[in-house]
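Heads up, the thing below is written out as structure tokens.
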Amino acid sequence: MFDLTDPLKGIAAEIDAGRRITPDEALALAEQAPLALLGLLAVRVKERKSGKEVYYNRNFHIEPTNVCVFNCRFCSYRRPAGSPEAWDYDEREILSQVEAHRDSGATEVHIVGGVHPRNDLYYYADLIRKIKRIMPQASVKAFTAIELAYMIRQAGLAPRDGLLLLKQSGMEAIPGGGAEIFAEPVRSRICPEKGTADEWLSMHREAHRIGIPTNATILYGHIESWEDRIDHLDRLRSLQDETGGFNAFIPLKYRSRNNSMSGIGEVSVVEDMRMTALARIYLDNFPHIKAYWPMFGKTTAQIALAFGADDMDGTIDDSTKIYSMAGAEDQSPTMTTAEMERTIRSAGYEPVERDTFYRPVRKTTD
Ligand code: V47
């Protein structure tokens, strides 16, 4: 069907037979494989894992603050304390956002924001307890490894003890943010103040050891190379071999509006699909690959389902600003469950509403 070189034919046959590929093979695929072949191979891997199903959930985000002690060059969202565009919701305001979703059918509250200089581990543990009191039926998926490392260090605790405290307070999962690019020469240019790759990986390892599932991300499409992307995937695959604690991998495309790297521009949708497919193929031990529509836009997220993604994330209900502030298509990101299901069906897949742990949710009305 394709006019391929012998090495590419060999790699495609390996993937087709369900075997793992090496970093060099991944690089050959990334640089040389026709886009359509990447799609076919990624879908083959996806359908071995999740058949014709594509998942979504009913969720909303809480972004308690955009004040952050770090100043990542790609971030369009962070503001210094005291800036007119900074927000810093107090507990009452956050809990009223939760109250507003109490009867929405949401099964997940995703909390992520700036690394705040003042709010500490005990504040957040208490906040999670209060959120769970309002919405006991929803799972709290909260804080990037970078936020966790900061708040736990400020409290003078070991990572494991800090995570145990949050788990006891109701934190049931950890999102994948803060991973950016692990390769140090790039990481130190795009987010020099942020915790290291090892800090990110060891926080996720600790979480997995105490039974907290997590996600992982990559921020791609800026100054990194394919070698850097594959190195990133390789470190995640190794940790997953060790712990099995990751649920989903989310390729996050660098969106270029209103940040100090804006001059770089953005990569093409073709590049997005190559990245999505390669992630699906390389991360053979990750159950799910997410097409995160508030970042990709709805159309590109739908196309990503033909390149191995099997999860569209959630309904969101206009509750996240990270991507709209960076120039994403949806300035008030919201999808009804009906729209979500139509989008998945028209891509040829069977929509399944899931909870945070990928258990199917009993059907209710929209
Ligand atoms: O770590 C910030 C990224 C992440 C930009 O686990 C940017 O289910 C692109 O991790 N262009 C936070 N990306 C969001 C995140 C996430 C999102 C959805 C689902 C899950 C999950 C996790 O957002 C940051 C950073 O990599 N980010 N600015 C930007 N300009």
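The values are calculated or read from the model by the stated rules, or taken from the named source; none is laboratory data. Bear in mind that the values here come from a model prediction, so they are computed numbers and not experimental data. FYI the Cβ positions are ideal-geometry reconstructions off the backbone, even for glycines, and counts take in every protein chain you see. In case anyone asks, the SASA skips ligands and DNA or RNA and just uses the protein heavy atoms, side chains included. Shrake-Rupley method; radii C 1.70, N 1.55, O 1.52, S 1.80 Å.
Some points to look at:
- Given (1) part of a helix (DSSP H, G or I); (2) closer than 21 Å to PRO175 by Cα; (3) in contact (Cβ under 8 Å) with a residue 12 or more places away in the chain, number of the condition ARG274 does not satisfy: (2)
- Residue ranges of helices (runs of 4 or more DSSP H) in region 1-90 with at least 3 members in contact with a Phe, Trp or Tyr (Cβ under 7 Å, 6 or more places away or on another chain): 23-32, 35-50
- Taking (1) within 14 Å of the ligand (Cβ to nearest atom); (2) more than 18 Å from LEU35 (Cα to Cα); (3) in contact with a helix residue (DSSP H, G or I) (Cβ under 8 Å, 6 or more places away or on another chain) in turn, ASP272 satisfies each apart from (2).
- Flag if GLY245 is farther than 19 Å from ASN285 by Cβ, open to solvent by less than 20 Å² (accessible area, probe 1.4 Å) and modelled with pLDDT of 95 or more: no
- Flag for ALA301 being in contact with a Pro (Cβ under 6 Å, 6 or more places away or on another chain) and within 16 Å of the ligand (Cβ to nearest atom): no
- If you go through region 242-269 and keep only what is over 10 Å from GLY327 (Cβ atoms) and in a loop (DSSP other than H, G, I, E, B), you end up with GLY244, GLY245, TYR254, SER260, MET261, GLY265, VAL267, SER268.
- From the options ALA207, ALA216, residue that is surrounded by 23 or more Cβ atoms within 10 Å (Cβ to Cβ) and near the ligand (Cβ under 10 Å from one of its atoms): ALA216
- Complete set of residues in region 164-185 that are in contact with a strand residue (DSSP E or B) (Cβ under 8 Å, 6 or more places away or on another chain) and either within 17 Å of MET135 (Cα to Cα) or more than 16 Å from the ligand (Cβ to nearest atom) (or both): LEU166, GLY170, MET171, GLU172, ALA173
- Residues (touching a strand residue (DSSP E or B) at 6+ places or on another chain (Cβ under 6 Å), within 22 Å of PHE246 (Cα to Cα) and assigned to a loop (DSSP other than H, G, I, E, B)) located in region 326-366: THR356, VAL361
- Residue in region 277-288 that is nearest to the ligand (Cβ to nearest atom), counting only those that are part of a loop (DSSP other than H, G, I, E, B) and hydrophobic (A, V, I, L, M, F, W, C): PHE286
- Matching residues in region 256-276 - criterion: being closer than 25 Å to LEU233 by Cβ and of a type in the set (Lys, Arg): ARG274
So that you can scan it fast, the table gives a plain yes or no per residue for (1) at pLDDT below 95; (2) part of a loop (DSSP other than H, G, I, E, B); (3) within 13 Å of the ligand (Cβ to nearest atom); (4) surrounded by fewer than 23 Cβ atoms within 10 Å (Cβ to Cβ):
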site: LYS132; (1), (2), (3), (4): no, no, no, yes
site: GLU147; (1), (2), (3), (4): no, no, yes, no
site: LEU157; (1), (2), (3), (4): no, yes, no, yes
site: SER188; (1), (2), (3), (4): no, no, no, yes
site: PRO192; (1), (2), (3), (4): no, yes, no, yes
site: ASP198; (1), (2), (3), (4): no, no, no, yes
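- Residues of region 88-118 satisfying the condition of being of a type outside the set (Gly, Ala, Ser) and within 16 Å of the ligand (Cβ to nearest atom): THR107, GLU108, VAL109, HIS110, ILE111, VAL112, VAL115, HIS116
- Lone qualifier among ASP355, ASP318, ASP330, ASP311 - being within 16 Å of the ligand (Cβ to nearest atom) and crowded, with 21+ Cβ neighbours inside 10 Å: ASP311
- Residue match in region 256-264 (condition: farther than 19 Å from ASP313 by Cβ and either more than 12 Å from the ligand (Cβ to nearest atom) or open to solvent by less than 10 Å² (accessible area, probe 1.4 Å) (or both)): yes
- Residue in region 107-119 that is in contact with a Pro (Cβ under 9 Å, 6 or more places away or on another chain), of a type in the set (S, T, N, Q), assigned to a loop (DSSP other than H, G, I, E, B) and under 23 Å from GLY170 (Cβ atoms) present: yes
- Some residue of region 118-126 being polar (S, T, N, Q), open to solvent by 20 Å² or more (accessible area, probe 1.4 Å) and at pLDDT 95 or above: no
- Against the list (1) away from the ligand (no atom under 11 Å from the Cβ); (2) free of Cβ contacts under 8 Å to residues at least 40 places away in the same chain, the condition ALA291 fails is (1).
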